[in-house]
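S.K.: Dropping the structure in here first, questions after.
The values are calculated or read from the model by the stated rules, or taken from the named source; none is laboratory data. The model shown is predicted, which means the values in this text are computed figures rather than measured ones. Cβ placement follows ideal geometry from the backbone for every residue including glycine, while neighbour counts extend to all protein chains displayed.
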Ligand code: COA
Ligand code: ZN
């Protein structure tokens, strides 16, 4: 519906960068986040307080989070896998976290070395402690549409895990298409199954990867079903070392273009996102992978592209 509000939850600094092999200086990460704030993004998943052996790129989480500009209405959720991570996040000034499990044991075992049951048992005290501190908590269900180790995932399975995350008190659940295998009909179906289980569409978030070029089509299906929160990564970077083949997140610039031209309100400036996307591409020394990153936006009054260097 034109005029309706859509939340864009930026994951570039975390999901986008976590799998990059070349170490990116902390100052460049901070600059990237500053550019995202300047572009109007208000929820920016900044980093992860996980084992530095598991994710070496984000080993500077403590220093980075401490150094980020605090602005009214801007939230920097950080990934936390255990109480140790929560304590580190607290010391660095966090006020929002994300815990992350998955729809399959095969994936959680490789990613966080716990079964789904074990992960929920580990997260319960983390979520309780976060709420005691007045923090906001998201819970991810990764591999919600398919797993790199066991294949197809039934929607009921992903929704069951979401229900258990809600049971330990998370404020929002996000279904992740970690390896980018979903197609729009599956999004429609998962949204309906979630709705029947008590998750109304406006209460859930989707996290799509564009690995096979279906991410924007999946967003369109989510929008049609009433979902109003989508994750995206400026520059379209992204991947998980424990999810082989999980290339690029949905690019924020591609999402913003779709939402703008469809009349949704989101508060994010496309030209400024494109500027931030070029900044991150320069850091990674490679061209932008996103479509709008290559073509620019479009000014319907003149017909000319916008936001290009
Ligand atoms: N922060 C920093 N270091 C941590 C940590 C945290 N939150 N949690 C554990 N560690 C360290 C331990 O001190 C230990 O270090 P050592 O080897 O130097 O002694 C090491 O990590 C292993 O700790 P352990 O408690 O045995 O955990 P594990 O080996 O079972 O791993 C996780 C579990 C969850 C800590 C680890 O798998 C992890 O961080 N995974 C994150 C994966 C990820 O972020 N994936 C991408 C997101 S989808
Ligand atoms: Zn992801």
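S.K.: Going residue by residue through segment 130-144, is there one that turns out to be outside any strand (DSSP E or B), within 30 Å of residue 68 (Cβ to Cβ), within 16 Å of ligand 2 (Cβ to nearest atom) and at pLDDT 95 or above?
M.R.: yes
S.K.: Which of (1) part of a helix (DSSP H, G or I); (2) out of contact with any helix residue (DSSP H, G or I) (no Cβ under 7 Å at 6 or more places or on another chain); (3) within 30 Å of residue 258 (Cβ to Cβ); (4) within 16 Å of ligand 1 (Cβ to nearest atom) is the odd one out, the single condition residue 98 does not satisfy?
M.R.: (1)
S.K.: Can you tell me which residues in segment 25-69 are more than 25 Å from residue 255 (Cβ to Cβ), buried (at least 21 other Cβ atoms within 10 Å of the Cβ) and within 16 Å of ligand 2 (Cβ to nearest atom)?
M.R.: 50 - this is the single residue of segment 25-69 that is more than 25 Å from residue 255 (Cβ to Cβ), buried (at least 21 other Cβ atoms within 10 Å of the Cβ) and within 16 Å of ligand 2 (Cβ to nearest atom).
S.K.: Hey, among the residues in segment 233-256 that are out of contact with any strand residue (DSSP E or B) (no Cβ under 6 Å at 6 or more places or on another chain) and outside any loop (DSSP other than H, G, I, E, B), which one's nearest to ligand 1 (Cβ to nearest atom)?
M.R.: 251
S.K.: Does residue 103 fit the bill of being within 16 Å of ligand 2 (Cβ to nearest atom), at pLDDT 95 or above and either surrounded by fewer than 22 Cβ atoms within 10 Å (Cβ to Cβ) or more than 26 Å from residue 69 (Cβ to Cβ) (or both)?
M.R.: So residue 103 passes the test.
S.K.: Restrict the check to segment 77-89 and report whether at least one residue is touching a helix residue (DSSP H, G or I) at 6+ places or on another chain (Cβ under 6 Å) and more than 9 Å from ligand 1 (Cβ to nearest atom).
M.R.: yes
S.K.: Could you figure out which of (1) over 17 Å from the mean Cα position of the chain (by Cα); (2) farther than 29 Å from residue 25 by Cβ isn't true of residue 216?
M.R.: Single failed check for residue 216: (1).
S.K.: Moving on. Are any of the residues in segment 41-50 more than 26 Å from residue 132 (Cβ to Cβ), touching a residue at least 60 places away in the same chain (Cβ under 8 Å) and more than 9 Å from ligand 1 (Cβ to nearest atom)?
M.R.: Yes, segment 41-50 contains at least one residue that is more than 26 Å from residue 132 (Cβ to Cβ), touching a residue at least 60 places away in the same chain (Cβ under 8 Å) and more than 9 Å from ligand 1 (Cβ to nearest atom).
S.K.: I need a count of the residues in segment 155-181 that are more than 16 Å from residue 138 (Cβ to Cβ), assigned to a loop (DSSP other than H, G, I, E, B) and either more than 12 Å from ligand 2 (Cβ to nearest atom) or out of contact with any strand residue (DSSP E or B) (no Cβ under 8 Å at 6 or more places or on another chain) (or both).
M.R.: Count: 1.
S.K.: I'm trying to understand the selection: among the residues of segment 20-56, which are under 13 Å from residue 235 (Cβ atoms) and at pLDDT below 95?
M.R.: 20
Yes/no matrix, rows are residues, columns are (1) crowded, with 24+ Cβ neighbours inside 10 Å; (2) without any contact (Cβ under 8 Å) to a residue 24 or more places away in the chain; (3) more than 14 Å from ligand 2 (Cβ to nearest atom):
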site	(1), (2), (3)
202	no, no, yes
218	yes, no, no
226	no, no, yes
237	yes, no, no
242	no, no, no
